[in-house]
Amino acid sequence: MMSLGIFSSSASTSISVLTSDEGRLVHDIVKLSIKGVSKTPIHYDVFLNHRGKDIKKTFANQLYYRLRNYGLQVFYDQEELQKGNRINSEIENAIKVASIHIAIFSKGYAESEWCMDELALMVESESIIISAFHGVNPTKIWQNPVDGMNGVYAEALRKLKEEKTFDPETHQEKQRYNSNTLEIWEKALKEVTGRVGFELEKYDGDEGQLLDVIVREVKTKVKKDEAKLLTEPCQKNNPSSSERERYQVVGDPDSKGTRRRSSYERKRQFLLLIEDLLFHLKTYFWFFLYILVG
């Protein structure tokens, strides 16, 4: 009968001797466990689609932390993808499982193949897409109504269509992006930018107000009871507070003074921390057990 004993003595750990068959069995179990832990899919409430070069360190970063402070799981790619790299499976999976997608359209958005790859997947997923226009006017991104010239997005797509790359097989230049890909990008971009969205211009350039309305919109649409509960203590403790004050987050640059978080919110953040800690401990446990049994 197989037995696996781990005893602590003088800060040392020992494992009971296993037969070769038992050892292989434990080895396979642990290996499968590690594989299962590392590939466990994570559910995201929100996926943030944005051009990192334009707004990652400013607007997108602030939006991420505001949503997180309300207990929402947010996928926010911390690193800007390098030219020539395609979006990875982690990003694709995050798009598929997220309940809400937020597309933040900035001036350089349409210059990024990754932004449009993500956008095409977002449209394909048929999940809710919330549009925000940061520094661009949706009525002018395709064609300027005054002079009839191409808008910034039309011009960006024109350049992508003309972009060339070297073909090592034929030793000649060829179109970098195939016509089918370009068509999918343009269709997705026109579809989503054609919908009603939130425009920074309509809030006189006040990013704080734009952040407020986006967070409110997410909270009304996301399928998560915990997120709705997070506002209740604030409403009870501050019944006369304005809508803007209720949605301010401690530490935001545009906050009017320091606001105390509700006890529920603090507990929620603590539980999220414990959840992450337990996940990592479980991963390390299986890893070290895998090393011990060979």
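The values are calculated or read from the model by the stated rules, or taken from the named source; none is laboratory data. Worth saying up front: this structure is predicted, and the values here are computed from it rather than measured. For neighbour counting, all protein chains shown are included, and Cβ atoms are generated from backbone atoms with ideal geometry for every residue, glycine included.
K57: in a helix (DSSP H, G or I), at pLDDT below 95 and touching an Asp or Glu at 6+ places or on another chain (Cβ under 9 Å), yes or no? In short, no. Note on segment 118-135: residues that are part of a loop (DSSP other than H, G, I, E, B) and either buried (at least 19 other Cβ atoms within 10 Å of the Cβ) or not small (G, A, S) (or both) amount to 2. Within segment 148-161, residues that are closer than 14 Å to T193 by Cα have Cβ atoms under 9 Å from residues that are among the basic types (K, R) and in a helix (DSSP H, G or I) in these pairs: Y153/K190, counting only partners at least 6 apart in sequence or on another chain.
Part of a loop (DSSP other than H, G, I, E, B), surrounded by 11 or more Cβ atoms within 10 Å (Cβ to Cβ) and in contact (Cβ under 8 Å) with a residue 12 or more places away in the chain: does that describe V192? It is false that V192 is part of a loop (DSSP other than H, G, I, E, B), surrounded by 11 or more Cβ atoms within 10 Å (Cβ to Cβ) and in contact (Cβ under 8 Å) with a residue 12 or more places away in the chain. Only residues that are among the aromatic types (F, W, Y) and either in contact with a helix residue (DSSP H, G or I) (Cβ under 9 Å, 6 or more places away or on another chain) or outside the structural domain of K107 (by TED's automatic domain parsing) (or both) were counted in segment 141-176, giving 2.
Here segment 41-54 is the region considered, the condition is being assigned to a helix (DSSP H, G or I) and not small (G, A, S), and the residue that is modelled with the highest pLDDT is D54.
Given the conditions (1) more than 19 Å from the chain's Cα centre (by Cα); (2) on the phi < 0 side of the Ramachandran plot, and given that S131 satisfies all but one, which numbered condition is not satisfied? Failed condition: (1). Residues that are of a type in the set (D, E) and in a helix (DSSP H, G or I) were ranked within segment 136-162; the one that is nearest to L211 (Cα to Cα) is E155. Just the residues that are farther than 12 Å from L189 by Cβ and aliphatic (A, V, I, L, M), please, taken from segment 138-152. Hits for segment 138-152 are V146, M149. Is there a residue being assigned to a helix (DSSP H, G or I) and out of contact with any Gly (no Cβ under 9 Å at 6 or more places or on another chain) anywhere in segment 70-82? There is no residue in segment 70-82 that is assigned to a helix (DSSP H, G or I) and out of contact with any Gly (no Cβ under 9 Å at 6 or more places or on another chain).
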